[in-house]
Amino acid sequence: MVSFVATPIGNLKDITLRALETLKDADVIFCEDTRHTLKLLNAYEIKKPLQACHKFNETEAAEKILAASREGKKVAVVSDAGTPVVSDPGNVVCKILREAGEKYTLIPGACAFVAALVLSALPADRFAFIGFLPDKKGEKIKTLEGYKDLTMTLAFHSAPQDVDKDVAAMYEVFGERKAVAVREITKIHEESVSFMLSKGLEGEKRGEYVLLVEGAKAGENPLNALSETEHIRHYMAAGLPKKEALKKAAKDRGVSKSELYPFAVEL
């Protein structure tokens, strides 16, 4: 039997009794980083054989997991933090197990973006989890374009070195929106900072972030989610002269042409 086990995202006490029982009963534990998982196991005096299952060897690891399960062994699969598969290794393993007809289960627990959604105070009745954005700007923009019209809270993961670039891309595609940056979840220095996309997130970026962005307004012209400049450029790309593009964009946004004029000067 294979069990995917959710582990703490910060505070080591955020692990369920069932998760501890599963890890103690396992014959082998496959983990993203053996050194990281060893810290968790040592905290609860659990000693088990560890094998790696990360994004660079996941297919190979999946075959080992399948073989071990078919031999009758109890296999646990964990990532460094939170729920495996969600922005972590494990999806390939699930696919191979399902295609092979091998049963598996999840021992639920911590999940960073769910915790961040609560801490953000943004609408949580409906939301979309996007995870990490691509590294290249073009691909980043293309990915965001697919979500700009959703009228629900959007959740992203972002590494500290990518936060500023990710936020800038969001503003370019979504236009002005409220956002919340959540970091150090469950830890001593946990923080949830609200900001506007146009302003960006101030201060030094440290630790992994979950970025929550409000959705598009219901019934709103989706073009209004663009920045003022991109809105005008959209109509110009469709063949309209700048003057007409400015006029249409102003009508869409319910503002005067003079208010948008400064954004058209550079085009």
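The values are calculated or read from the model by the stated rules, or taken from the named source; none is laboratory data. Computed from a predicted structure; not experimentally measured. Reconstructed Cβ throughout: ideal geometry from the backbone, glycine too, with neighbour counts over all protein chains shown. Calculation scope for accessible area: heavy atoms of the full protein, side chains included, ligands and nucleic acids excluded. Shrake-Rupley method; radii C 1.70, N 1.55, O 1.52, S 1.80 Å.
Below are the figures for this structure:
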item	result
Residues that are open to solvent by 30 Å² or more (accessible area, probe 1.4 Å) and farther than 17 Å from Tyr147 by Cα, drawn from the stretch 217-231	Glu228
Per-region count, the stretch 157-180, residues under 21 Å from Leu226 (Cα atoms) and outside any loop (DSSP other than H, G, I, E, B)	15
Residue ID - surrounded by the fewest Cβ atoms within 10 Å (Cβ to Cβ), chosen from residues in the stretch 171-187 that are on the phi < 0 side of the Ramachandran plot and at pLDDT below 95	Glu176
Within the stretch 96-118, tally of residues that are open to solvent by 20 Å² or more (accessible area, probe 1.4 Å), touching a residue at least 12 places away in the same chain (Cβ under 8 Å) and not polar (S, T, N, Q)	13
Scan of the stretch 226-242 for residues that are over 22 Å from Ala216 (Cβ atoms) and either outside any helix (DSSP H, G or I) or at pLDDT below 85 (or both), ordered by number	Met236, Gly239, Leu240, Pro241
Identity of the residue in the stretch 60-83, open to solvent by 30 Å² or more (accessible area, probe 1.4 Å) and touching a helix residue (DSSP H, G or I) at 6+ places or on another chain (Cβ under 6 Å), that ends up nearest to Asp27 (Cα to Cα)	Lys74
Pair list, Cβ under 7 Å, 6 or more apart: the stretch 169-194 residue in contact (Cβ under 8 Å) with a residue 40 or more places away in the chain and within 16 Å of Pro8 (Cα to Cα), other residue of a type in the set (S, T, N, Q) and open to solvent by 30 Å² or more (accessible area, probe 1.4 Å)	Thr186/Asn11; Lys187/Asn11
Single condition Pro160 does not satisfy, out of (1) open to solvent by less than 60 Å² (accessible area, probe 1.4 Å); (2) under 21 Å from Phe56 (Cβ atoms); (3) of a type outside the set (A, V, I, L, M)	(2)
Exclusive hit being open to solvent by less than 30 Å² (accessible area, probe 1.4 Å) and either within 19 Å of Asp88 (Cβ to Cβ) or in contact (Cβ under 8 Å) with a residue 40 or more places away in the chain (or both), set Ala121, Ala128	Ala128
Residue tally, condition within 25 Å of the chain's Cα centre (by Cα) and surrounded by 14 or more Cβ atoms within 10 Å (Cβ to Cβ), over the stretch 1-32	15
Search result, residues across the stretch 78-101 that are within 18 Å of Phe129 (Cα to Cα) and either of a type outside the set (A, V, I, L, M) or over 15 Å from the mean Cα position of the chain (by Cα) (or both)	Gly82, Thr83, Pro84, Ser87, Asp88, Pro89, Gly90, Asn91
Which listed residue, of Glu214, Glu244, is of a type in the set (D, E, K, R) and open to solvent by 60 Å² or more (accessible area, probe 1.4 Å)	Glu244
Residue check for Leu154: within 20 Å of Ala121 (Cα to Cα) and either open to solvent by 30 Å² or more (accessible area, probe 1.4 Å) or part of a helix (DSSP H, G or I) (or both)	no
